[in-house]
Amino acid sequence: MSGSSGGCDNFNIKTHSITDDYIVLWKEKLGTGITGPVRPCIKKDTRERFALKCLMDGPRAHTEVKLHRLCSDHSNIVRVLDVYANDVLFPGDPHPKARLLMVMEFMEGGELFDRISKESGFTERKAAKYLRHITEAVYRCHSLNVAHRDLKPENLLLKNNSEDAEIKLTDFGFAKVDDGNLQTPHFTPYYVAPQVLEAQKYKSKQRKGVIQTSKPYTYDKSCDMWSVGVILYIMLCGYPPFYSETPSRHITSEMKRKILSGKYEFPEEDWKFISDAAKDVVRRLLHVDPGCRMNVQELMSHPWLTDAPDTVLQSPAVFSNKEGLEDIKLAHAEQLTQMRLPDVSITLKSINESQSIIIRKRKHRQNSQEENSAET
Ligand code: ADP
C-alpha cells in the first residue's frame, strides 16, 4: 500500500499507509452499504477498535469526508478520527486501487431499528429520547448549513448496548451544503426540477409579502425534516406512513402520489393510545409543503420531546419480522432517492453551450432577426 494524491480537499488527509497506524481486519465486516463493507480496524498504539469506511477516491468521496468531518465534533454524530488517501491492494486483485479510507469511532450498538426490535417495554418516552438524539444530530448539521439527505434508520447507530447509549448519525455520502441559496441559473432553464420552481415561487411570494415568514426555503434541509417525520412515525407504530396498496420493493406511482399530496393516516386501531402531542410532531414534520414544514429549531422546542408519556408501543413486535423491517428500510431509502434534487449546476447547460436542436434553431432564428433589424 502506498500514498496517493487526493483530490479537492486534501486538508488533513494522510498519505502514508494506514497500516503504519492501524491493523485493518479486511475479512470482517461491521455492515455493508452502497459503497461496500465497513470493516473493523485496531489502532496499533492504543489497541482501540474503530470502523473503517473505504471510498473510491474522487470528488464525491472528498465531499463526503469534508462534510462528515465538519459536522463530526458532536455527541450525536459518528466521529471521524483519521482519513488516509492510499492505493489499496485488495485480496485477489493484482492492481492497487486509489481509495479514501475513513477511520470512524466504532458504534458497537448497531442500527436503531434493530435495537428497538429487541427492546422490551418500548415507550413513547423512549421514542422521544431517541428523537431528541436524532434532532440534536440534525441540528448540528443544519446549523452548519449541511443537509444530510440520507436520514434513514441504517444511518442511525447506537454507541453501545447499554440502556442509555447515544444515537449517532453517520454516512454523509449524499450530504450537501444548503444555505437557502438554491442555485437558480440566470439563463432560461429548459429543464429544472419542480422543487426548484416551488422554491423560486416561495421566495417571490416572500418578497412580495404574500407569505408572512422570514424562514428561508431550504429544500434539502426540509427533506431531512420529512425523513425525521417518517422515522418517528415508524418508531411509534412499526410501519411507514406512506405505503402502496400493491406490495412492491420499489416506489410506485401510487406511493409518489400519496407523498406528494401528503396523504397518510393514523389508523385508529394502532394509534388510539398514542398521545396527541406525538401525532402533532408527526403532522408538522410530514407537512406536504416543505416551506411550511417544521424546521429543526422548532422541533427542538416541541414539548413532546421532553414530556412524552409512558405509553408502551407495539413497534418492537412489528420489527421482529425481519423481512418486513427490510421492506420498510428499502421503501424509505427509495423515497429519499426520489426526493433528492438533481445538482442544478451539473444538469443545466447555458443556452450558448446547448447542443439541443430546438435551442440551436431558436438561436439561429433570433440571430437572423437581429441581423435583419440591424440592416433596416
Ligand atoms: P454506505 O455509505 O456505503 O451506505 P454506511 O456509512 O451507511 O455506508 O455504512 C454501512 C453500514 O456499516 C451501516 O449501516 C452500519 O451497519 C455499518 N457501520 C457504518 N459505520 C459504522 C461504525 N462507525 N461503527 C459500526 N458500524 C458501522
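Derivation of every value follows stated rules applied to the coordinates shown; laboratory data play no part. Small disclaimer: the values here were computed from a predicted structure and weren't measured. Cβ: placed from backbone, ideal geometry, glycine included. Neighbour counts: every protein chain shown.
List 287, 95 from most exposed to least, where exposure is judged by having the fewest other Cβ atoms within 10 Å.
Values: 287 17, 95 7.
Ordered by Cβ neighbours within 10 Å, fewest first: 95, 287.
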Inset, instruction - Mind sorting 271, 304 by how few other Cβ atoms lie within 10 Å of their own Cβ, fewest first? - result: 271, 304
Legend entry - For 131, 158, 81, 144, order by how many other beta-carbon atoms lie within 10 Å, fewest first: 144, 81, 158, 131
Legend entry - Hz values of 3J(HN,Hα) by residue in the stretch 150-156 - Karplus curve (6.51, -1.76, 1.60), Gly and Pro given as x: 9, 6, 9, x, 5, 9, 10
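So for the stretch 42-127, what percent of the C-alpha to C-alpha distances run longer than 21 Å?
On the way: 1783 of 3655 pairs.
Summing the P(r) tail past 21 Å for the stretch 42-127 gives 49 percent.
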Legend entry - Overall Cα dimensions of the stretch 250-339, principal axis frame, Å, largest first: 37, 36, 22
Inset, instruction - Just the ratio, please: alpha-carbon radius of gyration of the stretch 254-305 over 2.2 N^0.38 Å, N its number of residues. - result: 1.25
